[in-house]
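Here's the structure, in structure tokens; my notes come after.
The values are calculated or read from the model by the stated rules, or taken from the named source; none is laboratory data. The structure presented is a predicted model; accordingly, all values stated were derived computationally and were not measured. Here the Cβ positions follow ideal geometry from the backbone for every residue, glycine too, while neighbour counts run over all protein chains shown. Heads up: the accessible areas ignore ligands, DNA and RNA and are worked out on the full protein's heavy atoms, side chains in. Shrake-Rupley method; radii C 1.70, N 1.55, O 1.52, S 1.80 Å.
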Amino acid sequence: MRGFHFSNFQPDDLPKGGFDEMLKLFTQLLNYTAGDAGETLAWMNELDKKYKFTNNDYGMGNFIDDLKEKGYIKENPVNGDMRITAKTEQTIRQSALEEIFGKLKKAGRGNHNTNISGIGEEKNADRREYTFGDSLDQIDMTASIHNAQINHGIGNFTLTERDLEVEEKDFKTLTSTVLMIDISHSMILYGEDRITPAKKVAMALAELIRTRYPKDTLDIVVFGNDAWPITIKDLPYLQVGPYHTNTFAGLELAADLLRRRKTHNKQIFMITDGKPTCLKENGTYYKNSMGLDRKVVNKTLNMAAQCKRLNIPITTFMIAQDPYLQQFVREFTQINGGRAFYSSLNGLGEYIFEDYIKNRRKTVR
């Protein structure tokens, strides 16, 4: 019989009971409550009523006691308010990293590698004969002995300069990145939560750099009517405000932060869902949410050109599908010489991680 069969929806990712399973749900919900432990626990109580993931042996009270004992939350002795700890903040970042990084296709080992070969730090597939000036650690002795046996025979072993085989190595680069996150009001409009995926990506990227690329730097800038830097510790608590979109201010601050970095490889990642609608002039805000205001757009495009002059490419991750907004992004990208991705919320993390890990900056001076 053809047709549709309807049944009650049963989520697959609800905990089966026990501390570890419930902790996963707790950290996931913290992303949606902006780090509010009390609200998160209230949500878990409601979910437990409906899906019954606690039992007579381990209830919500046991879970809350374990959170306190293991150092995930602390209680204000005056008013009883619950707050998450630094341990929980790190757990959220690690959880976001595992969620996003686990979806990526297996990538090569070229982490921030350049196209310059020579006396570098990481082997590549290139081989060549020895030339004067090559260091001893570049010589592949196994391959060189094999060459000597082929060239001179086993009975009269001789190793000459022409038998030596050298492994090329790639220079590794250091990269300074500024991640810009749009926190204008449109990031929660139209029935779609866009700020939570952006926030999770930022936490995952920060944890990736901290653990795998500790010499790289990551600055995080949020922009609404104004722009300001935030720390990694601020990310779980990030919320959208009643703001317009001052893209110019965000780019200006990002470029200023990168000017102070001593690395040669610099880039801006910008997550946004809309057009620039705001400027700040002489202490007052110039705003226009109707269409693309030429005054706002032109100043933003001028900032994109200035970043190009500073050798700072901008990669824009546009999480909106409006054709006229995409046209603005194309013009913005062309002026800067950067790149643009039109991403769904589900694919945002993979896009950013692949672009970061497969970074192909061209020169190391």
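Taking each residue of segment 279-303 that is closer than 16 Å to Val329 by Cα and assigned to a helix (DSSP H, G or I) and looking for partners that are open to solvent by 70 Å² or more (accessible area, probe 1.4 Å) and among the charged types (D, E, K, R) with beta-carbon atoms closer than 8 Å, six or more apart or interchain, yields Met303/Glu252. Of all the criteria given as (1) surrounded by fewer than 16 Cβ atoms within 10 Å (Cβ to Cβ); (2) at pLDDT below 95, the one not satisfied by Asp293 is (1). Of the strands (runs of 3 or more DSSP E) lying entirely inside segment 161-260, the ones with 1 or more residues being open to solvent by 60 Å² or more (accessible area, probe 1.4 Å) and over 24 Å from Gln90 (Cβ atoms) are found at 165-172.
Applying the criterion of being in contact with an Asp or Glu (Cβ under 8 Å, 6 or more places away or on another chain) and either assigned to a loop (DSSP other than H, G, I, E, B) or within 20 Å of Leu235 (Cβ to Cβ) (or both) to the residues of segment 73-82, the residue that is least open to solvent (accessible area, probe 1.4 Å) is Met82. A search for C-beta distances below 6 Å between a residue of segment 203-231 that is farther than 22 Å from Glu252 by Cβ and any residue that is of a type in the set (Asp, Glu), counting only pairs 6+ apart in sequence or on different chains, returns Ile209/Asp216. Assessment of segment 95-111 against the conditions (open to solvent by 40 Å² or more (accessible area, probe 1.4 Å) and modelled with pLDDT of 80 or more) yields at least one matching residue.
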